[in-house]
Amino acid sequence: MLKRAAEVINIEAQAIKGLLKHLDANFTQAVGLMAQCQGRVIITGMGKTGIVGRKIAATLSSTGTPSVFMHSAEAVHGDLGQVTSKDVLVVISQSGETEETTRLLPLIKKIGAKTIAITGKFNSTLAKHSDVVLNVGVEKEGCPLGLAPMASTTATLVMGDALAACLIDRKNFRKEDFALYHPGGSLGRRLLLKVEDIMRKDRDLAKVKSSMKVKDVLLAITKARSGCACILDAKEKLVGVFTDGDLRRHLEKDTQVLSRTVEEVMTKKPTTITKDQLAAEAFDILKTKKIDELPVVDKNHKLVGLVDVQDLLKAGLV
């Protein structure tokens, strides 16, 4: 079994490497057509190649190239109505002779859409009637019977990924753009969520004056259900923080710490962040500094909020 598995993996690896010799002006032209498409890139195919086509369409859509999958058989029963002259059709067929696929070609030309063929046969009907042809021919399939498409579908999938990657470069598609199409995922949260979206404020903040006694500061922390108190001067500017860790460290040295003013024992000049920064940046600071709370200040260094590591957990960033 291991020998057979290794054989299949090697065959498919060679099929992918074989694509390198097919990268030529046709590939460049295909990227150009897809990049300049004023409508949508419509992927069509049958059977296993159709399944691969769905994945290619999904990858293109998520990376800035509007794309849909159209089943070749369904196309001739009405779905062709979604195709316009502004679209680009990517037609996938390893043999280039799939009946349901080739029947579409004259209809697509009549509509006026451009056609990119992804096929293993350059002399096929599909290749002869397409504007651009991408060669995904393989020497051997991974199937022991030589029947089920394996290496050929893998090669097709990789060719689709190569097109998508080049379109990302061509369109200058950024991480922020990707996040826009993936707001529900962890990446979307990392790239879209701002500090102001998750920070604690108002009653959830323990804001105290520097002249307050430590015991009263602890009561303020408890009331706000926070992990620290933010110490403010007379102008409401942040001058320090007092955390549970500060209390433990000072108790070891001074049993009278509860009677002291918080100014004597606070952490001065704490690390801060602004509300317009990304929540992911707050997470990186907390992780790097090995702290659990991060005060949020405005341009005048006035306190506007607090980010606690628990807030990041709730937001799904940890």
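The values are calculated or read from the model by the stated rules, or taken from the named source; none is laboratory data. Remember, predicted model here, so these are calculated numbers, not experimental data. Neighbour counts are summed over all protein chains in view; Cβ atoms, including those assigned to glycine, are modelled from backbone coordinates with ideal geometry.
Would it be correct to say that Leu104 is in contact with a strand residue (DSSP E or B) (Cβ under 9 Å, 6 or more places away or on another chain), on the phi < 0 side of the Ramachandran plot and at pLDDT below 95?
So Leu104 passes the test.
Scan region 220-244 for residues that are more than 10 Å from Lys207 (Cα to Cα) and part of a strand (DSSP E or B) and report the count.
Total satisfying the criteria: 5.
When the residues of region 104-131 are filtered to those that are in contact with a Leu (Cβ under 8 Å, 6 or more places away or on another chain) and among the charged types (D, E, K, R), which remaining residue is surrounded by the fewest Cβ atoms within 10 Å (Cβ to Cβ)?
Step by step, filter region 104-131, then rank; the result is Asp131.
Mind checking which residues of region 1-56 are among the hydroxyl-bearing types (Ser, Thr, Tyr) and modelled with pLDDT under 95?
Answer for region 1-56, where residues must be among the hydroxyl-bearing types (Ser, Thr, Tyr) and modelled with pLDDT under 95: just Thr49.
Strands (runs of 3 or more DSSP E) wholly in region 82-146 with at least 2 residues that are not β-branched (Val, Ile, Thr) - which ones?
Here the list reads 114-119, 132-135.
For region 266-315, which residues satisfy the criterion of being in a loop (DSSP other than H, G, I, E, B), under 27 Å from Lys213 (Cα atoms) and either outside the structural domain of Ile231 (by TED's automatic domain parsing) or of a type outside the set (S, T, N, Q) (or both)?
Matches in region 266-315: Met266, Lys269, Pro270, Lys290, Ile291, Asp292, Asp298, His301.
Checking the structure you have, find out if any residue of region 215-238 is in the same structural domain as Val296 (by TED's automatic domain parsing), touching a helix residue (DSSP H, G or I) at 6+ places or on another chain (Cβ under 7 Å) and more than 20 Å from Leu303 (Cα to Cα).
The answer is yes; a qualifying residue exists.
Out of everything in region 1-48 that is surrounded by 14 or more Cβ atoms within 10 Å (Cβ to Cβ) and touching a Pro at 6+ places or on another chain (Cβ under 9 Å), what residue ends up being farthest from Leu167 (Cα to Cα)?
Only one residue fits best here, namely Val8.
I'm checking my understanding of the structure. Among residues of region 69-94 that are of a type in the set (S, T, N, Q) and crowded, with 16+ Cβ neighbours inside 10 Å, which one is farthest from Pro149 (Cα to Cα)?
Ser72
Could you give me the residue pairs with C-beta distances under 8 Å whose first residue belongs to region 261-287 and is surrounded by 18 or more Cβ atoms within 10 Å (Cβ to Cβ), whose second residue is at pLDDT 90 or above and among the basic types (Lys, Arg) wherever it lies, and which are 6+ apart or on separate chains?
These pairs meet every condition: Val262/Lys213.
Which of (1) surrounded by 17 or more Cβ atoms within 10 Å (Cβ to Cβ); (2) part of a helix (DSSP H, G or I); (3) modelled with pLDDT of 90 or more does Arg190 not meet, given it meets every other one?
Looking at each condition in turn, Arg190 falls short on (3).
Against the definition (of a type in the set (Asp, Glu), surrounded by 14 or more Cβ atoms within 10 Å (Cβ to Cβ) and at pLDDT 90 or above), how does Asp216 come out, yes or no?
yes
Step by step: first the residues of region 234-243, then only those that are modelled with pLDDT under 90 and either within 15 Å of Glu264 (Cα to Cα) or of a type in the set (A, V, I, L, M, F, W, C) (or both), then the one that is surrounded by the most Cβ atoms within 10 Å (Cβ to Cβ). Which residue is that?
Ranking the qualifying residues of region 234-243, first place goes to Thr243.
On the given criteria, is Asp79 closer than 17 Å to Val41 by Cα and free of Cβ contacts under 8 Å to residues at least 24 places away in the same chain?
yes
If you scan region 24-46, which residues turn out to be farther than 19 Å from Asp87 by Cβ and free of Cβ contacts under 8 Å to residues at least 40 places away in the same chain?
Asp24, Ala25, Thr28
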